[in-house]
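Heads up, the thing below is written out as structure tokens.
The values are calculated or read from the model by the stated rules, or taken from the named source; none is laboratory data. As the structure is a computational prediction, the values presented were derived from the model and not from experiment. All Cβ positions, glycine included, derive from the backbone under ideal geometry; neighbour counts span all protein chains shown.
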């Protein structure tokens, strides 16, 4: 009977194709469903009605795609034979054993056996498995699981927690009042599964099934737009600048819950056919998804998140990006009008590029819970539970279908193969044993078994700026042994951001010399404070009307920048980069003050920094308060304790490299190793975080104004530090140092300009001069008077030499 029915479907498809030309055709088979393990009886299949659906699948898949993926499902394709097929066998066994859906509590958080995840895998296999009988069987399993959830959810939100599951009291399964809205995790983990399964097994669904699904989808959609986390307001307003009036609303469009609700809302609106959605009521929610959610998100990525990096960092931004990309893909595959225009191609192209710049030059061997894996290291930002480069397949697996440029697709495939945990060696294992079955589906659809992608990195520049978050990333080459530097000065006003403005990091010979100490704060205190980044802390006034246990008091006690409640955004004042150096100047003053907390004592906080490639960094800090008595401290994160001798410290890395730190200013600065941290902070440090201790320099006596100058030198084990000499101009308005024959001078004030003459004296062995803080593109005359004890240099406005775009004058 299944074979006869399959032949009937094929004939009907061919007839439909003849009558509709190039229109989409149904691909899935209609099938009776096995009873759910809980005893649910399958509804009778309405095979005649199912054939009226002539445009499925349309979400992430088209009939043409199905034929291609079905051809890939052969013994010569390891992603199928050794990946997806064993996963399918495991999933089917777990359902047949009664684990699914019986052991799914139907609650709002993590579930070991989430019903919809299994249904999504079965629905995909019902399309691509080359065996018609297997496709029918998978469709039966998918339909049973889908309707198990829909039938329970259709009973409506429960009013009482009167059910028990796994020993806990909860709402009845799938009837939690917030099951598909608010800031619940389950809809972001697996929310796409429900509409995808509907679309992928549409011919198997009866009219009664579709009516039930529509009822549930309508309620869930309304709950999303009215109660979803930071949902767009006014509710129902679309494509209107009023939606962008609240800066915080725009910035929260980069939140993972916001993006997940957008995806779920859009996919549900696209799942049902017109004939199964009377008056188009469900379809109307697509306007909310595109005209409200996506409208705001696209504004964010064109402004405060331009450059490809999203605001919540590597813990959650991969998820945010995946939800948006999956929605854009659905718009495209369903041929929704305006789908092409909905894609901000500049941002998504930058998303790929910024990812490549944000990973280490090469993979290194790491012991991950007893397993040695080759992994790239991330330039992490934001909250972190585990310092480990996430698998971005949920984002790139969708983006590979959204971006149509062949070079971008090639880059995305290379990323998915080479940079996910374990690299090429673990590729098939990542398909066979994914964290979420969706990852296996996306990898299978992305990775053409006949294509071996090229490494895209050698074609990229060595320096990159993501201007929305003021991230500057630079390296000496794309070879594995390259030196790698990054700096950040981002705004800080939404969830999962850290007090890390003016922070920098240096990676050398396959290892971090210094980086931020990552972790996941309880709210926004402790590990999220500036103390655990390579930046300054500056004392302030105590927050008003706050209990000692308040997280804001913790930030105040540390002199931290303010998370969530600061007075405004920092400003990247200058930047330039070339083969010799990378230079930045950033003003972070607004982040140190919070008028809402009554803490406004910081009058200035800025940093100028020059990375002399590959091994030397000079850091010049300006810190000012409304009076004395406010502590001013400079912090550096280290893997191993530093040995401090006077104004110099030395830390040796786990692999035997050395980091020398010399404090040149203030001359009476107190430098010390800080090797202990409060236990509550230690409890929030990310797993596998290499930075364990700190180095701190404090301005003696907490003066109202201080300038700090530090020189960092990376070196091989056993090498000696290069001598460092402090230099300042004759009028003391420019300060800096000479190391390895190169002078770097910084402006004492970010507001000063060179109108008259700048004169200074340097040692005789000084061969290169970098004068920062000048007018970008400004022209100057240079006079050098060489003597036995050194060189006297005078610079003044003129025509001989020109400063670069960052205001750096290079005198060779």
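Check 359, 415 and return the single one that is modelled with pLDDT of 95 or more and more than 21 Å from residue 496 (Cβ to Cβ).
Sole residue among the options that is modelled with pLDDT of 95 or more and more than 21 Å from residue 496 (Cβ to Cβ): 415.
When residue 289 is evaluated against the numbered criteria (1) loosely packed, with under 15 Cβ neighbours inside 10 Å; (2) without any contact (Cβ under 8 Å) to a residue 40 or more places away in the chain, which criterion, by number, is the only one it fails?
Condition (1) is where residue 289 drops out.
Give the residue, chosen from 578, 540, 534, 593, that is closer than 30 Å to residue 657 by Cβ and either over 25 Å from the mean Cα position of the chain (by Cα) or assigned by TED's automatic domain parsing to the domain that holds residue 362 (or both).
578 is the lone residue from the list that is closer than 30 Å to residue 657 by Cβ and either over 25 Å from the mean Cα position of the chain (by Cα) or assigned by TED's automatic domain parsing to the domain that holds residue 362 (or both).
Assess whether residue 161 counts as being surrounded by fewer than 22 Cβ atoms within 10 Å (Cβ to Cβ), closer than 26 Å to residue 124 by Cα and at pLDDT 95 or above.
no
In the list 325, 340, which residue meets the criterion of being buried (at least 21 other Cβ atoms within 10 Å of the Cβ) and more than 30 Å from residue 510 (Cβ to Cβ)?
Sole residue among the options that is buried (at least 21 other Cβ atoms within 10 Å of the Cβ) and more than 30 Å from residue 510 (Cβ to Cβ): 325.
Any residue at all in region 559-572 that is in the same structural domain as residue 485 (by TED's automatic domain parsing), over 28 Å from residue 681 (Cβ atoms) and not in a loop (DSSP other than H, G, I, E, B)?
Yes, some residue in region 559-572 is in the same structural domain as residue 485 (by TED's automatic domain parsing), over 28 Å from residue 681 (Cβ atoms) and not in a loop (DSSP other than H, G, I, E, B).
Consider residue 465 carefully, then state whether it is touching a strand residue (DSSP E or B) at 6+ places or on another chain (Cβ under 6 Å), touching a residue at least 12 places away in the same chain (Cβ under 8 Å) and surrounded by fewer than 24 Cβ atoms within 10 Å (Cβ to Cβ).
Considered against the rule, which asks whether it is touching a strand residue (DSSP E or B) at 6+ places or on another chain (Cβ under 6 Å), touching a residue at least 12 places away in the same chain (Cβ under 8 Å) and surrounded by fewer than 24 Cβ atoms within 10 Å (Cβ to Cβ), residue 465 comes out as yes.
Of the conditions (1) farther than 21 Å from residue 681 by Cα; (2) in contact with a strand residue (DSSP E or B) (Cβ under 6 Å, 6 or more places away or on another chain); (3) touching a residue at least 24 places away in the same chain (Cβ under 8 Å); (4) not in a loop (DSSP other than H, G, I, E, B), residue 541 fails just one. Which one is it?
(4)
Rundown of residues vs (1) in a helix (DSSP H, G or I); (2) within 25 Å of residue 75 (Cβ to Cβ), yes/no style:
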{"residue": "117", "(1), (2)": "yes, no"}
{"residue": "123", "(1), (2)": "yes, yes"}
{"residue": "126", "(1), (2)": "yes, yes"}
{"residue": "134", "(1), (2)": "yes, yes"}
{"residue": "139", "(1), (2)": "yes, yes"}
{"residue": "143", "(1), (2)": "yes, no"}
{"residue": "148", "(1), (2)": "yes, no"}
{"residue": "160", "(1), (2)": "no, no"}
{"residue": "172", "(1), (2)": "no, no"}
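Taking residue 584, is it surrounded by fewer than 24 Cβ atoms within 10 Å (Cβ to Cβ), at pLDDT 95 or above, assigned by TED's automatic domain parsing to the domain that holds residue 628 and more than 22 Å from the chain's Cα centre (by Cα)?
no
Does residue 271 count as buried (at least 24 other Cβ atoms within 10 Å of the Cβ) and within 19 Å of residue 305 (Cα to Cα)? Show your work before the answer.
Values: buried (at least 24 other Cβ atoms within 10 Å of the Cβ): yes; within 19 Å of residue 305 (Cα to Cα): no.
The answer is no for residue 271.
From 723, 690, which residue is modelled with pLDDT of 95 or more and either at positive phi or under 31 Å from the mean Cα position of the chain (by Cα) (or both)?
690
Scan region 85-104 and tell me whether some residue there is touching a strand residue (DSSP E or B) at 6+ places or on another chain (Cβ under 7 Å), modelled with pLDDT of 95 or more, assigned to a loop (DSSP other than H, G, I, E, B) and over 25 Å from residue 398 (Cβ atoms).
Of all residues in region 85-104, those touching a strand residue (DSSP E or B) at 6+ places or on another chain (Cβ under 7 Å) come to none.
No.
What's the total number of residues in region 588-611 that are surrounded by fewer than 21 Cβ atoms within 10 Å (Cβ to Cβ) and in a strand (DSSP E or B)?
Number of matching residues: 2.
Testing residue 438 on (1) crowded, with 19+ Cβ neighbours inside 10 Å; (2) outside the structural domain of residue 683 (by TED's automatic domain parsing); (3) in contact with a strand residue (DSSP E or B) (Cβ under 8 Å, 6 or more places away or on another chain), one condition comes back false. Which one is that?
(3)
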